[in-house]
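The values are calculated or read from the model by the stated rules, or taken from the named source; none is laboratory data. Keep in mind that what you see is a predicted model, and the values were worked out from it rather than measured. No Cβ is skipped: glycine too gets one built from the backbone with ideal geometry, and neighbour counts run over all protein chains shown.
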């Protein structure tokens with residue numbers, strides 16, 4: 001479950017805590033992860049004056065693109081979650097709470113009128129952020145040839161890729177004369 005009714009927690013005093021298990025699927029994370037991506041984890045939710053503070057961890061396996069060879073590979077990702085959710089309706093009276101003007105409360109970080117915290121969009125954003133530093137498909141990834149574009153992990157090419165600094169080009173000519 002990735003959405004939780006927090007009405008009882010909102011009725012309790014500041015500092016009250018609940019532990020929730022995260023279990024479900026995220027959708028449309030990015031182009032490589034368009035279908036359902038299973039996610040598991042937990043959230044510890046604490047009552048604070050403005051609403052709730054959610055802290056926890058989640059694990060999922062994402063398809064990432066290698067930054068050297070551009071191959072898609074599976075990567076296990078652990079998300080460290082810490083978000084503040086703001087109440088929009090008083091749980092006791094049912095009256096709408098006037099949020100202070102100028103505050104930058106994002107829509108996905110608001111507790112809805114039914115006192116439900118939906119974590120799906122926040123978790124999706126954490127997953128997207130985890131993909132920014134996708135890493136390598138393997139430690140010894142050789143990448144692609146900058147000249148012909150061949151994936152050097154699966155085949156080799158005969159391109160000469162040694163580049164000479166233009167400031168040292170005349171010295172390279174001297175080396176060739178010595179050979």
Query raised in the report: Taking the range 110-158 on its own, how many of its residues are over 25 Å from residue 79 (Cα atoms), in a loop (DSSP other than H, G, I, E, B) and in contact (Cβ under 8 Å) with a residue 60 or more places away in the chain?
Result: 6
Report task. Please verify whether the range 103-117 includes one or more residues that are modelled with pLDDT of 85 or more and touching a helix residue (DSSP H, G or I) at 6+ places or on another chain (Cβ under 7 Å). Result -> yes
Query raised in the report: Do we find a residue being more than 30 Å from residue 2 (Cα to Cα), at pLDDT 80 or above and in a helix (DSSP H, G or I) anywhere in the range 160-169?
Result: yes
Query raised in the report: Is it the case that some residue within the range 26-45 is loosely packed, with under 14 Cβ neighbours inside 10 Å, more than 16 Å from the chain's Cα centre (by Cα) and within 21 Å of residue 89 (Cβ to Cβ)?
Result: no
Report summary line: Pairs returned, first residue in the range 1-13 that is over 15 Å from residue 92 (Cβ atoms), second residue that is exposed (fewer than 13 other Cβ atoms within 10 Å of the Cβ), beta-carbon separation under 7 angstrom, 6 or more apart or interchain, are 3/116; 4/116; 5/116
Query - Search result, residues across the range 56-71 that are in contact with a strand residue (DSSP E or B) (Cβ under 8 Å, 6 or more places away or on another chain) and either surrounded by fewer than 15 Cβ atoms within 10 Å (Cβ to Cβ) or outside any strand (DSSP E or B) (or both) - result: 57, 59, 61, 66, 68, 69, 70, 71
Requested in this report: Search the range 7-24 for residues being modelled with pLDDT of 90 or more and surrounded by 15 or more Cβ atoms within 10 Å (Cβ to Cβ), and hand back the single one that is farthest from residue 85 (Cα to Cα).
Outcome: 24
Query - Selection from the range 109-124 of residues that are surrounded by 15 or more Cβ atoms within 10 Å (Cβ to Cβ) and either over 30 Å from residue 11 (Cβ atoms) or under 18 Å from the mean Cα position of the chain (by Cα) (or both) - result: 109, 118, 119, 120, 122, 123, 124
